[in-house]
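What follows draws every value from the coordinates through simple rules; no lab data is involved. Here the structure is a predicted model, which is why all the values come from computation and not from measurement. We place every Cβ from the backbone using ideal geometry, glycine too, and count neighbours over all the protein chains shown.
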Amino acid sequence: MQGSLGEKIGEGAYSEAYAWAPGQVVKLFKPGLPRRMPWFEVRMIRAVHAVGAPVPEVFGEVTLDGRFGIVLRRLDGPTLLQLTRTGVVTFEQAGAIIAALAMSIHKTPLPPEVLSMREYMEAQLGHDDGKLPKHIATEILALIDRLPPGDGLCHTDLSPGNVIMTAEGPKLVDWVSAMCGPAVLELGFLRVILSELGPEVADNPERPRATNAAAQSEYARLAGMSLAELTAAMEPYLPIVRTFAVLGNAVPSLRERLIQRIEAALRSED
């Protein structure tokens, strides 16, 4: 589609964002990624946009030098991560924004294209290249079958870097790992990302931890439950979240530690 690659305006683990045309950006996926990943994400963004989730509109798809790209409406504004780094937004405020987003997303009508937690795990395990011991894969699928599956939309990566603060309110990017699940699954992803993975790569390890603590507390308040009740409900889903983190190679240096935590949690289930 018509446009041209302009200035680079952002980068994530799997993609880079460039200016494309007036009011548009192209999310260009990095070389070597399996085609299923960007294909799945463009389906998810289109689907959740159609049901009213706070996401940018998709204008089309392009291929540049063999790289797949999604052309999206440009979202003007800093990320929530940038605002917490500069101190414009406090950790408590960031947590409150994320908690409100989590509740809003979970109440959004579920598009039929979204995979269940089990379907997504099966898909990830089908492409595992040995990162996860086989016995854990079997036990994790059994755990998923024992737990309430939930029927809400989960983004699963509500980290501040994926929240863009626009004039119309916060918008969410990076929908490649969206799935159907219970609200506590979303909160479990948030806890692992911000309190276990984030501190390993953040310039200030306390920032992700403090943001997570504030988000969990505010979500419990919004849900009308105690923080202890929320934490107890979330706990059984944490081995599942950590398994997704291992399969996604989120922080390679933490792989062995995450596997140890998964195994310890699975043993406690016995």
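Computed on the chain, with alpha-carbon pairs under 8 angstrom and 6+ residues apart, the relative contact order is 18 percent. Applying the Kirkwood pairwise sum to the alpha-carbon positions of region 82-202 produces a hydrodynamic radius of 15.8 angstrom. With the highest mean first, a sort of the peptides 31-41, 238-248 on other beta-carbon atoms found within 10 angstrom per residue produces 238-248, 31-41. Counting only whole DSSP H helices of the chain, the ones at least 15 Å long by C-alpha along their axis and with mean Kyte-Doolittle hydropathy no lower than -1.0 are 36-50, 91-107, 134-146, 206-223, 255-269. Averaging 1/r across all pairs of distinct Cα atoms in region 38-148 and inverting the result yields a Kirkwood radius of 17.5 Å. Can you run the Rg to Rh ratio on the chain? Use alpha carbon positions and the Kirkwood inverse-distance Rh. Using Cα coordinates only, the ratio equals 0.95. Taking N as the residue count of region 205-266, its C-alpha radius of gyration divided by 2.2 N^0.38 Å amounts to 1.28. Once every Cα of region 160-209 carries one equal point scatterer and solvent is ignored, give the base-10 log of I(q)/I(0) from the Debye formula at q = 0.27 Å⁻¹, two decimals. At q = 0.27 Å⁻¹ the computed log10 ratios are -1.08. If you take the square roots of the eigenvalues of the alpha-carbon gyration tensor of region 1-42 and sort them as a ≥ b ≥ c, do you get rounded (a/c under 1.5), prolate (a/b over b/c) or oblate? Prolate, because a/c is 1.5 or more and a/b exceeds b/c. Among MET179, MET165, the ranking by other beta carbons within 10 Å of each residue's beta carbon, starting with the fewest, stands as MET165, MET179.
Looking at the chain, the DSSP beta bridges with both ends there are about 95 percent antiparallel. Find out how many positive minus negative residues lie around SER116, taking Lys and Arg as positive, Asp and Glu as negative, among other residues whose Cβ is under 13 Å from that of SER116. Taking every Cβ under 13 Å from that of SER116, the sum is -4.
Plainly put, region 8-73 has a radius of gyration that is 0.95 times its Kirkwood radius, both from alpha-carbon atoms, as the Rg/Rh ratio.
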